[in-house]
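The values are calculated or read from the model by the stated rules, or taken from the named source; none is laboratory data. Quantities reported herein were computed from a predicted structural model and do not represent experimental measurements. Methodologically, a virtual Cβ is constructed for each residue, glycine included, from the backbone with ideal geometry; neighbour enumeration extends over all protein chains shown.
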Amino acid sequence: MHGFSYFGRRKCLAHDGKPRESACVRVRRHVSWQDGLPAALLLHQDAVKMGVRLEPKVHLQLLDACLLAYERSSGSRSSSSAESSSSDAAGATALGDEKSEALPHLLHAVAIADALRGDGHGAAGSSAAVLCSLAWLRYHVVQLPEEARTQLQSHFDAWSSASLDLQWSTLLEAACGSFGSQAGFSSQLPAGLFRRLEALSAVGNGVSADEARRLVRLSRQSFGRFYPAPAVQAAEVDV
């Protein structure tokens, strides 16, 4: 077999004659490993370069993992109800340095979102999971200082997710509005986005806190039992 590439076909034979895993399965398996994110990113990049269309849930699993890694690296702990605006500012300021640990995660997240949109997702009629993950990404992009945001956008084309002329709240509202439809329904939504919203709503008074509370109420009403429960609460339910 000449010109062989792992991602050249959805399934192909290994040297032992057994079917290889599909690109989707291999990327998802690496993301699920502890410290497997770098390997999953390389596989994802290879698949995109070879023109392999991955399932939306594969893009989303990797996108959400990058956003969680970004939040951890930038020091913005979305699960903490005591989050303050000063901690967000401190985390955002650190992103001005190209060599910071946080910015590469956001760069990867934008690249994955662009690949997702390139496969035909992220526009009108997309699932709630896609719109929520894009809203989560857009939230972090707009929170960057102007210099860091310009730096981020310089790595991508003008049509990239880094330069979308959309409010993150508009994307979340669209997810809420379409959730009841067949195309919009998603059984798994990105918990990190809602932990972030809940943390913002607990900050206190102010436009941002009031808007966060409104979006949390809207999300709970729209998603019902599919609204992602906090990890502790989810564990109690499983028991």
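Some observations on this one:
- All conditions but one from (1) among the aliphatic types (A, V, I, L, M); (2) surrounded by fewer than 16 Cβ atoms within 10 Å (Cβ to Cβ); (3) free of Cβ contacts under 8 Å to residues at least 40 places away in the same chain apply to Ala183; the one that does not is (3).
- In segment 178-210, the residues that are among the hydrophobic types (A, V, I, L, M, F, W, C), in a helix (DSSP H, G or I) and farther than 18 Å from Gln221 by Cα: Ala199, Leu200, Val207, Ala209
- Pairing each residue of segment 187-209 that is touching a residue at least 24 places away in the same chain (Cβ under 8 Å) with any residue that is among the β-branched types (Val, Ile, Thr) and part of a helix (DSSP H, G or I), provided the two are 6+ apart or on different chains, yields C-beta distances under 7 Å for Glu198/Val216.
This table checks each residue for (1) more than 16 Å from the chain's Cα centre (by Cα); (2) touching a residue at least 24 places away in the same chain (Cβ under 8 Å); (3) crowded, with 16+ Cβ neighbours inside 10 Å.
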{"position": "Leu137", "(1), (2), (3)": "no, yes, yes"}
{"position": "Val142", "(1), (2), (3)": "no, yes, no"}
{"position": "Ala148", "(1), (2), (3)": "yes, yes, yes"}
{"position": "His155", "(1), (2), (3)": "yes, yes, no"}
{"position": "Ala158", "(1), (2), (3)": "yes, no, no"}
{"position": "Ser169", "(1), (2), (3)": "no, yes, yes"}
{"position": "Leu172", "(1), (2), (3)": "no, yes, yes"}
{"position": "Cys176", "(1), (2), (3)": "yes, yes, yes"}
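- The requirement of being within 17 Å of the chain's Cα centre (by Cα), among the aliphatic types (A, V, I, L, M) and at pLDDT below 85 is satisfied by Ala123.
- Residue-level analysis places Ala175 among those that are within 17 Å of Leu63 (Cβ to Cβ) and assigned to a helix (DSSP H, G or I).
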